[in-house]
Amino acid sequence: MLGLVTIGQAPRDDVVASMFGGADVGGIIQEGALDLLEPDQIDLLAPGLGELPLVTRLRDGEEVIVAKSRLLPHLAQAVERLEAQGCGTICVLCTGDFPRLGRDALLVFPDRLLAGMIDALLPDGTLGILMPHAGQRESMIAKWTTATRATVTGVASPYSTAGQVSAEIRELDRAGALMVVLDCMGYDRQMLADARAATTRPVILASGVVGGVLGELTGVSVRLFDHVK
């Protein structure tokens, strides 16, 4: 059984559609880190000065920004709920860097999948990163920059400023990006299409990459490189 855990509220059928291209995946259980919280409790997770912000969505479609450090206990509890329901493979629907969660399940972290892929495809040169919140810029630069690879960044929330994707991608192109990563699981296939229309460089959709890997693990037929131009 495949478990999907969002850092917001479940279900995230929009992310599932981007991951698997509309394929009938079946056998999926979804949980959210914020599922059991009341609105005032969610408000208390808002990032303070110096806390890393994560951008996600509530069940009603509202964007919410939470501090990673404050979210972690709730995320761990959501993973435990999935394990209790028999999920042997669990994917965290966020491209942030997380510690080990859960006890027995195979944990799939999009951040690690993307890192391995980008290291293989673009070990040197300039990488363009589109992120959902300007407060992530410093951590994104640290995450993606290496001794031989530079990074340029742009910002467009998939929930509140999705219309900015094309403009931001054009700026990344002008800044010399040889490849662009849409570094948030909330970016969807329409945003990918918008990004690809704005540049001749390869554009990678995080959810597409993750869906391809989960397809191999779970038997869902998804071709990984359909999501790379």
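The values are calculated or read from the model by the stated rules, or taken from the named source; none is laboratory data. These figures come from a predicted structure and were not determined experimentally. Cβ coordinates were reconstructed from backbone atoms using ideal geometry, including for glycine residues, and neighbour counts include every protein chain displayed.
Kindly evaluate Thr153 against the criterion of being part of a loop (DSSP other than H, G, I, E, B) and of a type outside the set (A, V, I, L, M, F, W, C). Here the answer is no, as Thr153 does not meet what is asked.
Note on region 191-213: residues that are over 23 Å from Ala120 (Cα atoms) and touching a residue at least 24 places away in the same chain (Cβ under 8 Å) amount to 4. Any residue at all in region 44-55 that's outside any loop (DSSP other than H, G, I, E, B), under 15 Å from Met185 (Cβ atoms) and out of contact with any helix residue (DSSP H, G or I) (no Cβ under 7 Å at 6 or more places or on another chain)? The answer is yes, given that some residue of region 44-55 is outside any loop (DSSP other than H, G, I, E, B), under 15 Å from Met185 (Cβ atoms) and out of contact with any helix residue (DSSP H, G or I) (no Cβ under 7 Å at 6 or more places or on another chain). Of all residues in region 48-86, those that are hydrophobic (A, V, I, L, M, F, W, C) and modelled with pLDDT under 95 total 1. Examine region 61-69 for a residue that is within 25 Å of Glu216 (Cα to Cα) and touching a residue at least 60 places away in the same chain (Cβ under 8 Å), and state whether such a residue exists. Scanning region 61-69, I find no residue that is within 25 Å of Glu216 (Cα to Cα) and touching a residue at least 60 places away in the same chain (Cβ under 8 Å), so the answer is no. For region 160-188, the set of residues classified as modelled with pLDDT under 95 and within 16 Å of Leu93 (Cα to Cα) is empty. Out of all the residues in region 87-110, is one or more exposed (fewer than 15 other Cβ atoms within 10 Å of the Cβ), of a type in the set (A, V, I, L, M) and free of Cβ contacts under 8 Å to residues at least 24 places away in the same chain? Scanning region 87-110, I find no residue that is exposed (fewer than 15 other Cβ atoms within 10 Å of the Cβ), of a type in the set (A, V, I, L, M) and free of Cβ contacts under 8 Å to residues at least 24 places away in the same chain, so the answer is no. Of the residues making up region 55-70, at least one is in contact with a strand residue (DSSP E or B) (Cβ under 7 Å, 6 or more places away or on another chain) and among the acidic types (Asp, Glu).
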